[in-house]
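Only one structure is covered here, and it is reproduced in the block below.
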Amino acid sequence: LVVLAQTTLKIGPFGLDIHTLAYAGAAVILGFQMILFAVFTKLLGQRDGWLPRDLRLERIISASSLELGLVIGLLLFVAGIVLTLGALGTWSAVDFGSLDPRVTMRWVVPAVTAISLGGEIVLGSFFLEALRMSAAPLPVAQTERNPLQAGDA
């Protein structure tokens, strides 16, 4: 992604350009979502007792915090905004007229990728914090009736 954001990459007879850059950005986002899904699922499984403890994962999770996730997510989001401003600068340089996609997409794809990853990290950090909380159900007051209880016909 970093190399393709700067130039066309030649590998033998093949030239990887902005189309590959777009797919690389999508792959980064999807790959990160897969990692989050795996971590969250494993944590739920460990917490609920249907998966064995993974001490390595527990060490990694204990080293992270909601605040760290918020800072990293915000930094990535801001980096995406800065790249977006760079794209606007290239557009401004041609008096907001026609653009060369090979130039513009080298700004836009990394910007969108950074903004998306920043948002994913922020949301993932909140969900991770929720998973760290107790799984105990909230108490229901004795005077409240559950309308879905059996025998309420």
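The values are calculated or read from the model by the stated rules, or taken from the named source; none is laboratory data. Keep in mind that what you see is a predicted model, and the values were worked out from it rather than measured. We place every Cβ from the backbone using ideal geometry, glycine too, and count neighbours over all the protein chains shown. When the accessible area is computed, the model is the full protein with side chains, heavy atoms only, and any ligands, DNA or RNA have been set aside. Shrake-Rupley method; radii C 1.70, N 1.55, O 1.52, S 1.80 Å.
Note on region 125-142: among residues that are open to solvent by less than 60 Å² (accessible area, probe 1.4 Å) and outside any loop (DSSP other than H, G, I, E, B), the one that is modelled with the lowest pLDDT is LEU131.
In this structure, is LEU74 in a helix (DSSP H, G or I), in contact with a Gly (Cβ under 7 Å, 6 or more places away or on another chain) and surrounded by fewer than 16 Cβ atoms within 10 Å (Cβ to Cβ)? Reasoning before the result, please.
Values: in a helix (DSSP H, G or I): yes; in contact with a Gly (Cβ under 7 Å, 6 or more places away or on another chain): yes; surrounded by fewer than 16 Cβ atoms within 10 Å (Cβ to Cβ): yes.
In short, yes.
Residue pairs whose Cβ atoms lie under 8 Å apart, sitting 6 or more positions apart in sequence or on different chains, and linking a residue in region 82-103 that is in contact (Cβ under 8 Å) with a residue 60 or more places away in the chain to a partner that is of a type outside the set (S, T, N, Q) and not in a helix (DSSP H, G or I), are ARG102/ASP17. For region 1-23, taking the residues that are without any contact (Cβ under 8 Å) to a residue 60 or more places away in the chain and part of a helix (DSSP H, G or I), the one that is least open to solvent (accessible area, probe 1.4 Å) is identified as THR20.
Of all residues in region 24-56 being over 20 Å from LEU123 (Cβ atoms), in a helix (DSSP H, G or I) and not polar (S, T, N, Q), which is most open to solvent (accessible area, probe 1.4 Å)? Taking the candidates together, the pick is ARG56. Scanning region 1-29 for residues that are within 16 Å of ALA111 (Cα to Cα) and modelled with pLDDT of 75 or more returns ILE18, HIS19, THR20, LEU21, ALA22, TYR23, ALA24, GLY25, ALA26, ALA27, VAL28, ILE29.
Residues to consider are ASP17, ASP54, ASP95; find the one that is at positive phi and of a type in the set (Asp, Glu).
Numbers: ASP17 fails: at positive phi; ASP54 fails: at positive phi.
Residue meeting the stated conditions: ASP95.
Of the residues VAL82, VAL109, VAL122, the single one that is modelled with pLDDT of 90 or more, out of contact with any Cys (no Cβ under 7 Å at 6 or more places or on another chain) and open to solvent by 80 Å² or more (accessible area, probe 1.4 Å) is VAL82.
Flag: ARG47 matches the condition of being among the charged types (D, E, K, R) and at pLDDT below 90.
Filter region 1-17 down to residues that are aliphatic (A, V, I, L, M) and more than 22 Å from the chain's Cα centre (by Cα) and give me whichever is farthest from GLU120 (Cα to Cα).
From region 1-17, those aliphatic (A, V, I, L, M) are 1-5, 9, 11, 16; that's our starting set.
Subset that is more than 22 Å from the chain's Cα centre (by Cα): 9, 11, 16.
Numbers: LEU9: 29, ILE11: 32, LEU16: 27 Å.
Residue satisfying both the conditions and the ranking: ILE11.
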